[in-house]
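Trainee: Quick one: this structure, given as structure tokens, is what I'll be asking you about.
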């Protein structure tokens, strides 16, 4: 439990429960049926807006009357917010208010006492996110509350050192945020480029209409015991099943599994309408829940892999999927084969691939840079937030500690 963690701290530091250095409360939601409570000027934070960030605006606003006539409260800038409930990984995420704002009842507001700086504790609670989530699952419950948050054990460093640590880690946050923006812009530019380059041209320009069944065959081959188990993902491509990060739920009997080879395109038969397809750079076996496509000489596999990610193409997969409800929709090869596409000849396909591949290189470089910055920050947090590395100490003081 977070509250019981006890580690050596440097001279001048101590450890205490969060409740000893902060007032912890929550907000509320004004009555939705009362129009005079909504659409005002008071920012109102929901748990979905708490994402290890500084909040400077909110999607919804309430009025002064909404604050006065509900459990909602107005919290000052610098207040830390933590999501106590939420789907997925929302619970336990923390944010700092950059503005005065109110919150809903599912968000804890942590108002630190004098001498305890929000920048420092924002970073500490961020660093301890996973442990705090586990803390919120103890005792048969799966959420956090003010009582649990008060028990979280936190370090108390001298105020000047808190300030230096907060500022130093904030420089990494700014670099990470800048790289994230560049990555998002590059992804948007790639999508725009795909729409332009893959847009069907008029006949006579080398583009022609054909059916996907004239470009692909279905690979249905008996599996080999020496081949690794693979998974087909929407964003990471075809990867080893062991790299997915989830428990292996595959059947022991793999006699009905399918072989996929380098250069094949695999897709999730029941999720192709959501764009789950990828070009394989690996040879292995995949679950029979996938369909494996073998491109022929008329189509460049990389070109097809880009084409299948185009929004208009995914919509065609949606239209041709069969089933009564979305949970049962599937796109078997016989229906896939009937879909019409307009494509250019192989030479132009390759030219399009070269342009889009260059865009992918930029994106991958930014992803690598983002990962490097995040790892560096994690390493710094481990050193700075435990006092193992002091900020602003003289060389003599550092030598005395070592």
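Trainee: Can you tell me the 0 to 90 degree angle between the C-alpha axis of helix 118-127 and the longest principal axis of the chain, rounded to 10?
Mentor: So the helix axis and the longest Cα principal axis differ by about 50 degrees.
Trainee: Ok, one more. Expected output is a single nm value to one decimal: the length gained when fully extending between residue 236 and residue 218, i.e. 0.36 nm times separation in residues minus the C-alpha distance. What is it?
Mentor: Going from the current span to full extension adds 4.2 nm.
Trainee: With 5 Å bins from zero, work out the P(r) of region 2-156 over every alpha carbon pair and list the percent per bin.
Mentor: All Cα pairs considered, the percentages come to 2, 10, 19, 22, 19, 14, 8, 4, 2, 1, 0, 0.
Trainee: Moving to a separate point now. Could you give the C-alpha radius of gyration of region 208-343 expressed as a fraction of 2.2 N^0.38 Å, taking N as the number of residues it contains? Before the final figure, lay out the partial values.
Mentor: On the way: Rg = 14.4 Å, N = 136, 2.2 N^0.38 = 14.2 Å.
Relative to the 2.2 N^0.38 Å estimate, region 208-343 comes out at 1.01.
Trainee: Could I ask something else about it? Fewest first, what order do 58, 103, 159, 79 take by the number of other Cβ atoms within 10 Å?
Mentor: In order of increasing Cβ crowding within 10 Å: 159, 58, 79, 103.
Trainee: Stokes-Einstein diffusion coefficient for the chain at 37 °C in a medium of 0.692 mPa s, Rh from the Kirkwood formula over Cα pairs: what value in µm²/s? Could you put the intermediate results ahead of the total?
Mentor: Details: Rh = 25.2 Å.
D, rounded to a whole number, is 130 µm²/s.
Trainee: A further question on this structure: Order of 184, 84, 194 from fewest to most other C-beta atoms within 10 Å? Can you show the working numbers first?
Mentor: Numbers: 184 11, 84 23, 194 20.
The most exposed by this proxy come first: 184, 194, 84.
Trainee: Using only helices, what value at 222 nm comes out for the chain when you add -39,500 (n - 2.57) per DSSP H run of length 4 or more and divide by the total residues, to the nearest 500 deg cm²/dmol? If you can, show how the numbers build up before the last one.
Mentor: Working: 10 runs with 134 residues, N = 402.
Value at 222 nm, helices only, nearest 500: -10500 deg cm²/dmol.
Trainee: Given all pairs of different Cα atoms, what value in angstroms does the Kirkwood hydrodynamic radius of region 258-402 take?
Mentor: On the way: mean 1/r = 0.0527 Å⁻¹.
Result for region 258-402 stands at 19.0 Å.
Trainee: A follow-up question, please. With the cut-off at 1.5 for a/c, could you classify region 329-396 from its C-alpha gyration tensor as rounded, prolate or oblate?
Mentor: Note, shape of region 329-396 comes out oblate.
Trainee: Obtain the nm distance between the two label points defined at residue 111 and residue 328 by a simple spin-label model: each point lies 7 Å from its Cα along the Cα-to-C-beta direction.
Mentor: 5.5
Trainee: For residue 350 and residue 145 in the same chain, what is the full-extension length gain: residue separation times 0.36 nm, less their Cα-Cα distance, in nm? Don't skip to the answer; put the middle values down first.
Mentor: Values: separation 205, 0.36 × 205 = 73.80 nm, distance 5.66 nm.
Once the chain is fully extended between residue 350 and residue 145, it gains 68.1 nm.
Trainee: Would you mind pulling out the separation of the Cα centroids of region 291-329 and region 330-376, in Å?
Mentor: 13
Trainee: Another question, if that's okay. Please rank 321, 160, fewest neighbouring Cβ atoms within 10 Å first, as an exposure proxy.
Mentor: Details: 321 21, 160 11.
So the residues, fewest neighbours to most, are 160, 321.
Read-outs: derived from the displayed coordinates by stated rules, not from any lab. Remember, it's a predicted structure, so these values are computed and weren't measured experimentally. A quick note on method: Cβ atoms are made from the backbone with ideal geometry, for glycine too, and the neighbour counts reach across all protein chains shown.
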